[in-house]
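One structure is given here, and the rest of the page talks about it.
Every number here is computed from the coordinates shown, using simple stated rules; none is lab data. For clarity, every value in this text was computed on a predicted model and none was experimentally measured. Every residue, glycine among them, receives a Cβ derived from its backbone with ideal geometry; neighbour counts consider all protein chains shown.
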Amino acid sequence: MIKPINFVTLALLLLSLTAQGFSQKKGSPDTTTQNLVRGVSGPVGTNSSWSGYTVFGGIPGSSLFPISSTTTVLSLGFTAGTEADVTNAVVYTTARGSTTITAITQVTYQGNSSFSIDLSNSSVCPTAPATATPCIVKLDSLTLTLSPASDYYLAVYFTSDDSNNSALGGTQPQVFQSSLWGWYDSGNYSGLAVGNSVPAPTGAHGPPIFLMYVTNN
């Protein structure tokens, strides 16, 4: 015969299971990927030939979601090419509404500040980059907490006189469907210093090129 569990034993058992549940929950980090800003959604077009250009991606502080994260991950989208060669990439921080640089964060890929992204590698791009099937590549996680009091500008300088970059295509939303925005300039603008100004686009800025998502991991 199975003996019935008395009330005291049952209460102690439930208390133990509850404590274990809380302990596991507290010790398990939240690894859910969350958008820190509205990224690119819907179909994209393409913008090609980037040898010798700096591409800017704007992240307005006013567009940030109310999510607290000590890390920031930037994702680039590619629509053509077999390799992207980057001489340097940084994030410029400015006060909200200003173009004066107050801080600079180095951007890396696989631990390198000067890097190549092998788009022909199936582990990087499971499907060859195309407008219908853009290849989305995450850059290394940045120790950067985005604040509504600041604006942020990703500056990626694609190596000049480079045949890979001449054949490179970047995603560009067909309509302005994102809180992100961007523009580009000929020459290297990835080496500006604190106190310098982020160069303004010629005319109005448009939808982002390459920059697709800004997430917490």
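For the range 137-153, putting each phi into the Karplus relation 6.51 cos²θ - 1.76 cosθ + 1.60 with θ = phi - 60° gives couplings of 10, 7, 7, 4, 5, 9, 7, 8, 9, 6, 10, x, 7, 10, 10, 9, 10 Hz, in residue order, rounded to whole numbers and with x for Gly and Pro.
Label positions at residue 100 and residue 69, each projected 7 Å from the Cα along the C-beta direction, are separated by 3.0 nm.
Modelled spin-label separation between residue 167 and residue 197, with each label point placed 7 Å from Cα along the Cα-to-Cβ direction: 4.0 nm. About its Cα centre, the dipole of the range 48-215 is roughly 440 debye, where the only charges are +1 on Lys and Arg Cβ and -1 on Asp and Glu Cβ. Ordering 140, 85 from the fewest to the most neighbouring beta carbons within 10 Å gives 140, 85.
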